[in-house]
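The values are calculated or read from the model by the stated rules, or taken from the named source; none is laboratory data. All of these numbers come straight from a predicted model, not from anything done at the bench. We place every Cβ from the backbone using ideal geometry, glycine too, and count neighbours over all the protein chains shown. We work out accessible area using only protein heavy atoms, side chains counted, and drop any ligands, DNA or RNA first. Shrake-Rupley method; radii C 1.70, N 1.55, O 1.52, S 1.80 Å.
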Amino acid sequence: MEGVLQKDLEAILSKTKHLFEKCKKEKFFITGGTGFFGRWFLESLLWANRKLDLDVQILVLTRDPERFIQNALHLKREPALNFLAGDISSFIFPGGRFANIIHAATETNHKSDSIEMFDSNVNGTRRVLEFARLCGNKRLLLTSSGAVYGKQPANIKNIPEDYSGAPDTTDINTSYGQSKRVSEFLCAHYAREFGLNVKIARCFAFLGPYLPLSANYAAGNFVRDALKGGPINVKGDGTACRSYLYTTDLMIWLWTILFEGKACRPYNVGSPEAISIRDLAYAVAKAFNPPLKVEIENKVGKVKDAELYIPDTSLAEKELGLQQLIELREGINKTVGFYKQARKKLEVTWWKSK
C-alpha cells in the first residue's frame with residue numbers, strides 16, 4: 001500500500017469522508033469487485049473502513065475468489081471482506097440485509113459472441129435488481145457506459161445526458177451499448193415498481209492503477225508497450241478522440257453518485273477534455289526518460305471528422321459539485337509510476353502481455 005496507491009486512497013477519502021460516515025455498520029454487496037472499477041471500490045471502501053472505523057461488511061461476487069486473492073494478497077487479511085462464488089446471471093442470493101449494492105460487473109470483451117455479451121449484461125443486471133428488491137437495499141449504483149449514446153455526432157463536442165441518439169440496432173458490434181441501455185431501462189422499471197433507489201453512472205474512459213494493460217483499451221495498451229521499452233503502437237491513424245479521468249476522480253465521482261445522486265438520473269462520468277489517440281500515445285511516451293518511440297499503423301488519409309467519445313459533465317458538476325482534479329499528464333505519470341513499482345515488487349502480474 002505504498003507510493004502512488006496509498007496517496008490516491010488518501011486523496012479519495014479526503015473528498016468522500018462525509019459520504020462514508022453515512023454507512024457505518026452497513027453491508028455492501030459488490031459485483032465485478034475483481035475488475036478495474038471493482039478493485040478500486042474495494043480498496044477505497046476498505047481504506048475508509050479502517051481510517052473511519054466504519055465497521056462495514058463487504059461481500060464480493062466473483063467466479064473465482066481464490067484467483068483474485070492471489071492477485072491481491074494484502075486483502076486476504078481484511079476481516080470486513082468476504083466472497084461469494086457465482087455467476088452474475090445466476091448467483092444464489094446471500095442472506096441478510098445489504099443497504100448498499102454496487103453493480104460493476106460487466107462483459108466488455110468484444111471478441112466474444114455479441115448475444116452472449118448482451119445476455120450476460122442484461123440478465124446479470126436483472127438478477128442484481130431482484131436481489132436488491134429482497135435484501136432491504138437502501139441505495140444501488142449501476143455502472144453504465146457512454147456507449148448507450150451510440151456514435152457521437154461530429155457537431156457535438158461533449159455529449160450530454162439528454163442526447164437522444166442510440167447505438168445502431170442493426171450493428172452487432174453495438175452489443176455492449178445495447179445491453180447497457182436495457183440495463184438502465186430495467187433499473188428504471190424496478191425503481192418505479194418496487195421503489196428501489198437506483199443511481200446510474202454513465203462511464204467513459206479512465207486510467208490509473210489496476211487499469212488492464214492487455215485488454216482493448218488504448219491507454220492501457222500504450223502503458224504496456226512503454227513498460228516493455230517501446231515502441232508504443234497506435235492502431236489505425238490515431239485521429240479518434242477520447243478523454244481520460246484518473247481513478248481518484250473516478251472513485252470520488254462514483255461514491256458521490258451512489259450516496260447523493262438523484263434516483264434514476266444518469267450522470268456522465270469522465271473527463272470533458274478531449275485528446276486524440278495519437279497525442280495520448282506521445283503523452284505516454286514522454287512519461288519515460290528518454291521519451292519512447294511511437295509507431296502509428298496508418299497514415300492520416302483524406303480529411304474526415306474524428307471519431308469522438310467525450311462526455312459533457314456539467315450535470316454532475318452543477319448538481320453534485322464534482323470536477324476533474326487530476327489533469328491528464330499527472331494521471332499518466334501516476335499510472336506509469338504505479339506499474340513500475342508493481343513490476344519491481346512483483347505484486348501484480350497482469351502488466352505483461354498475454
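Okay, residues lined up against (1) of a type outside the set (S, T, N, Q); (2) touching a residue at least 60 places away in the same chain (Cβ under 8 Å); (3) under 19 Å from Gly208 (Cα atoms); (4) not in a strand (DSSP E or B):
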{"position": "Gly236", "(1), (2), (3), (4)": "yes, yes, no, yes"}
{"position": "Ile252", "(1), (2), (3), (4)": "yes, yes, yes, yes"}
{"position": "Trp255", "(1), (2), (3), (4)": "yes, yes, yes, yes"}
{"position": "Leu258", "(1), (2), (3), (4)": "yes, yes, no, yes"}
{"position": "Ala263", "(1), (2), (3), (4)": "yes, yes, no, yes"}
{"position": "Asp279", "(1), (2), (3), (4)": "yes, no, yes, yes"}
{"position": "Val284", "(1), (2), (3), (4)": "yes, yes, yes, yes"}
{"position": "Ile326", "(1), (2), (3), (4)": "yes, yes, yes, yes"}
{"position": "Arg329", "(1), (2), (3), (4)": "yes, no, yes, yes"}
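Summed over segment 148-175, the residues that are crowded, with 21+ Cβ neighbours inside 10 Å and not polar (S, T, N, Q) give a count of 3. For segment 100-122, the set of residues classified as part of a loop (DSSP other than H, G, I, E, B), among the acidic types (Asp, Glu) and farther than 30 Å from Phe20 by Cβ consists of Asp113 only. For residues in segment 123-153 being of a type in the set (A, V, I, L, M, F, W, C) and farther than 24 Å from Lys22 by Cα, which is farthest from the chain's Cα centre (by Cα)? So, considering only residues that are of a type in the set (A, V, I, L, M, F, W, C) and farther than 24 Å from Lys22 by Cα, the one farthest from the chain's Cα centre (by Cα) is Val148. Scanning segment 154-181 for residues that are touching a residue at least 40 places away in the same chain (Cβ under 8 Å) and part of a loop (DSSP other than H, G, I, E, B), we see that the one that is farthest from the chain's Cα centre (by Cα) is Ala154.
Summed over segment 208-217, residues that are open to solvent by 20 Å² or more (accessible area, probe 1.4 Å) and touching a residue at least 40 places away in the same chain (Cβ under 8 Å) total 4. Taking the conditions exactly as written (under 15 Å from Leu258 (Cβ atoms) and not acidic (Asp, Glu)), does Lys15 satisfy them or not? Against the criterion (under 15 Å from Leu258 (Cβ atoms) and not acidic (Asp, Glu)), Lys15 qualifies. Mind checking which residues of segment 179-218 are touching a Lys or Arg at 6+ places or on another chain (Cβ under 8 Å) and among the hydroxyl-bearing types (Ser, Thr, Tyr)? Matches in segment 179-218: Tyr190, Tyr210, Ser214.
With respect to Phe91, is the statement that it is in a loop (DSSP other than H, G, I, E, B) and open to solvent by less than 70 Å² (accessible area, probe 1.4 Å) true? For Phe91, the condition - in a loop (DSSP other than H, G, I, E, B) and open to solvent by less than 70 Å² (accessible area, probe 1.4 Å) - is met. Mind listing whichever residues of segment 109-135 are among the hydroxyl-bearing types (Ser, Thr, Tyr) and surrounded by fewer than 19 Cβ atoms within 10 Å (Cβ to Cβ)? Selection gives Ser112, Ser114. Would you pick out the residues in segment 182-191 that are surrounded by fewer than 23 Cβ atoms within 10 Å (Cβ to Cβ) and in contact (Cβ under 8 Å) with a residue 24 or more places away in the chain? Passing the criteria: Val182, Glu184, Leu186, Ala188, Tyr190, Ala191. Check whether at least one residue in segment 193-207 is within 22 Å of Phe259 (Cα to Cα), in a helix (DSSP H, G or I) and open to solvent by 40 Å² or more (accessible area, probe 1.4 Å), and report yes or no. Yes, the conditions are met somewhere in segment 193-207.
Restricted to segment 331-354, and to residues there that are under 12 Å from Pro209 (Cβ atoms), assigned to a loop (DSSP other than H, G, I, E, B) and open to solvent by 40 Å² or more (accessible area, probe 1.4 Å), the residue that is modelled with the lowest pLDDT is Trp350. Among the residues of segment 218-235, those that are more than 21 Å from Leu5 (Cα to Cα), open to solvent by 20 Å² or more (accessible area, probe 1.4 Å) and not aliphatic (A, V, I, L, M) comprise Lys228, Gly229, Gly230, Pro231, Asn233, Lys235. Restricting segment 296-320 to residues that are exposed (fewer than 12 other Cβ atoms within 10 Å of the Cβ) and touching a residue at least 24 places away in the same chain (Cβ under 8 Å), the residue that is nearest to Asp225 (Cα to Cα) is Glu297.
Scanning segment 9-54 for residues that are closer than 26 Å to Lys334 by Cα and in contact with a Cys (Cβ under 8 Å, 6 or more places away or on another chain) yields one hit, Phe37. Ala105 passes every criterion in (1) of a type in the set (Gly, Ala, Ser); (2) open to solvent by 10 Å² or more (accessible area, probe 1.4 Å); (3) within 22 Å of the chain's Cα centre (by Cα); (4) farther than 22 Å from Lys199 by Cβ apart from (4). Ala188 - would you say it is of a type in the set (Gly, Ala, Ser), touching a strand residue (DSSP E or B) at 6+ places or on another chain (Cβ under 6 Å) and either closer than 29 Å to Arg265 by Cα or assigned to a helix (DSSP H, G or I) (or both)? It is false that Ala188 is of a type in the set (Gly, Ala, Ser), touching a strand residue (DSSP E or B) at 6+ places or on another chain (Cβ under 6 Å) and either closer than 29 Å to Arg265 by Cα or assigned to a helix (DSSP H, G or I) (or both).
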